Amino acid sequence: MPRPRNKEDLLIAAEENYEKLNEMIDSLTEAEMNTPFNFSADEKKTEAHWKRDKNVRDVLIHLYEWHQLMIRFVDENMNGKDTKFLPEEYTWRTIADMNQVFWEKHQSTSLEEARELLARSHAQVLEQIERFTNEQLFLSKVFPAVGGSVLGSYFVSSTSSHYDWAMKKLKAHRKNCKNGQKA
C-alpha cells in the first residue's frame, strides 16, 4: 500500500500493518522467539537499532514508546501547550540516544506486557486520528506544531511505517534463525 495521503487510508494502513505485525509475531516458532537477535554478520545493518534490539519485546516496546511520543505531542498541543514531538533533550540527530533510554527502561518488561502496552497505545493513537478531519491531518499549516509538514505524516510514521520497520526486523531475525546464526 502506498503511503497514506488521507484519513481513511491512514486508518486502514495503520490497522492492516498492526494486524500483519501481530500475525507475524504469532507465527514465530518457539526457537525464533527465544533466540536473541543478532544482525552483526550483515554489514548493511549499521543503524543503531540493529544492535539495540535483542528480541521481540524490544521491538514492541520501541513501537509503544513512539506511540507515547505521538499521544503526548497531540494531546499537549491540542490543550494549548506548544510541544515538540521529541522531548526537549533530544533532536532528530540524537534519537538513537532516546531510543536507547526507552530500551533500558523496559528491560524488565515481559513480552506479554509489551504486547498489551502496544495494543493499548495502538488503540489510543487510532482514537487520536479519529478526532481529526482529513484536512486537519493532511493540509499544511493546520497543526502548527508540525512546522512545514502535516500531522498525518507523523501518524503514518508512528503507525504503519513503524510497523513495517518492525516486520522487516522480525523477517531478518527469522532469516537468521533459519540460516542457523547464533548470538
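The values are calculated or read from the model by the stated rules, or taken from the named source; none is laboratory data. Computed from a predicted structure; not experimentally measured. Virtual Cβ from ideal backbone geometry, glycine too; neighbours counted across all protein chains shown. When the accessible area is computed, the model is the full protein with side chains, heavy atoms only, and any ligands, DNA or RNA have been set aside. Shrake-Rupley method; radii C 1.70, N 1.55, O 1.52, S 1.80 Å.
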For this session: Evaluate the following for residue 85: is it of a type in the set (Phe, Trp, Tyr), open to solvent by less than 40 Å² (accessible area, probe 1.4 Å) and within 26 Å of residue 136 (Cβ to Cβ)?
Result: yes
For this session: Would you please name the residue that is surrounded by the fewest Cβ atoms within 10 Å (Cβ to Cβ), looking only at residues in the stretch 165-183 that are of a type in the set (Gly, Ala, Ser) and closer than 16 Å to residue 56 by Cα?
Result: 183
Exercise. What number of residues in the stretch 166-183 are in contact (Cβ under 8 Å) with a residue 12 or more places away in the chain and closer than 24 Å to residue 68 by Cβ?
Worked result: 4
Exercise. Looking at 147, 152, which is the one that is out of contact with any Pro (no Cβ under 6 Å at 6 or more places or on another chain) and at pLDDT below 95?
Worked result: 147
For this session: Return the residue satisfying two criteria in turn: it lies in the stretch 27-36 and is within 19 Å of residue 109 (Cβ to Cβ) and loosely packed, with under 13 Cβ neighbours inside 10 Å, and of such residues it is modelled with the highest pLDDT.
Result: 36
For this session: Would you check which residues across the stretch 143-164 are open to solvent by 50 Å² or more (accessible area, probe 1.4 Å) and assigned to a helix (DSSP H, G or I) and list them?
Result: 144, 157, 164
Problem set entry | In the stretch 92-135, residue farthest from residue 65 (Cα to Cα) [restricted to those that are small (Gly, Ala, Ser) and buried (at least 16 other Cβ atoms within 10 Å of the Cβ)] | 114
Exercise. Do you know which of the residues in the stretch 9-26 that are closer than 19 Å to residue 63 by Cβ and of a type in the set (D, E, K, R) is surrounded by the fewest Cβ atoms within 10 Å (Cβ to Cβ)?
Worked result: 26
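Residues checked against (1) part of a helix (DSSP H, G or I); (2) more than 13 Å from residue 106 (Cβ to Cβ); (3) of a type in the set (Gly, Ala, Ser):
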{"position": "38", "(1), (2), (3)": "no, yes, no"}
{"position": "42", "(1), (2), (3)": "no, yes, no"}
{"position": "45", "(1), (2), (3)": "no, yes, no"}
{"position": "51", "(1), (2), (3)": "yes, yes, no"}
{"position": "59", "(1), (2), (3)": "yes, no, no"}
Exercise. What is the one condition in (1) β-branched (Val, Ile, Thr); (2) without any contact (Cβ under 8 Å) to a residue 12 or more places away in the chain; (3) closer than 25 Å to residue 155 by Cβ that residue 61 does not satisfy?
Worked result: (2)
